[in-house]
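Taking it in order: structure first as structure tokens, then the write-up.
No value in this document is a laboratory result; all are computed from the given coordinates. Here the structure is a predicted model, which means the values were calculated and not measured. Cβ coordinates were reconstructed from backbone atoms using ideal geometry, including for glycine residues, and neighbour counts include every protein chain displayed.
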Amino acid sequence: MTSPVTPALSPLELKAKFFKGFSDRTRLHLLEALAEAPRQVGELVALSGLSQPNVSNHLACLRDCGLVTTERQGRTVTYQLSDPRIAVLLGLATELLHGAARGVEACTRPELNA
């Protein structure tokens, strides 16, 4: 039996790093598309309007951070969310924005306007 891995980061640092995966517009767009259904890179390129290398780079980031997984069938790679709770989290964010959108939009803090 293997023992659980203890992260080197504190729980707060780990949570902050987790949410950074959602903080980029492109990665968020890709996660929302994958919340609808598993998809191949070509589909995500068409949905996002971005170049294939750009989409692949963001998908690699999401995969390396454990937010998406891949399934290979021959030469075809399909991406999907690594956990269905990610889709729930995205839905909760949408719900929360119904009441907080004005404040978020009005926020002028430079670190939140990147």
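Couple of notes before you dig in:
- The charge dipole of the stretch 24-112, taken about the Cα centre with unit charges on the Cβ atoms of Lys, Arg (+1) and Asp, Glu (-1), comes to about 160 debye, rounded to the nearest 20.
- Summarising the amide proton neighbourhood of Val77: residues at separation of 5 or more, or on other chains, whose placed amide H is nearer than 5 Å comprise Val41.
- Under-5 Å amide H pairs with Val68, H placed in peptide plane, nonlocal only: Arg63, Ser82
- Shown in residue order for the stretch 78-87 are the 3J(HN,Hα) couplings computed by the Karplus curve 6.51 cos²θ - 1.76 cosθ + 1.60 at θ = phi - 60°: 10, 9, 8, 5, 6, 8, x, 5, 5, 5 Hz (x for Gly and Pro).
- Leading residue at positive end of dipole, the chain (Cβ point charges), from Ser23, Thr94, Gly66: Gly66
- The ranking of Ser51, Ser56 from fewest to most other beta carbons within 10 Å of each one's beta carbon is Ser51, Ser56.
- Sorted by Cβ neighbour density within 10 Å, fewest at the top, the residues Cys61, Cys107: Cys107, Cys61
- Pair Val104, Ala35: separation of 7 Å Cα→Cβ label points (nm): 1.0 nm
- Taking a ≥ b ≥ c as the square roots of the eigenvalues of the Cα gyration tensor, an a/c ratio of 1.5 or more together with a/b larger than b/c marks the stretch 49-114 as prolate.
- Segment Leu9-Asn57, extension gain: residue separation times 0.36 nm, minus the distance between their alpha carbons: 14.8 nm
- Ranked for footprinting exposure by Cβ neighbours inside 10 Å, fewest first, Asp64, Asp83 give Asp64, Asp83.
- Calculated FRET value between Thr69 and Glu95, using beta carbons and R₀ = 35 Å, to 0.05: 0.85
- Anisotropy class of the chain from Cα gyration tensor, a/c 1.5 cut: oblate
- With helices as the sole contributors, the chain gives -18000 deg cm²/dmol at 222 nm; each DSSP H run of n ≥ 4 counts as -39500 (n - 2.57), and the sum is divided by every residue.
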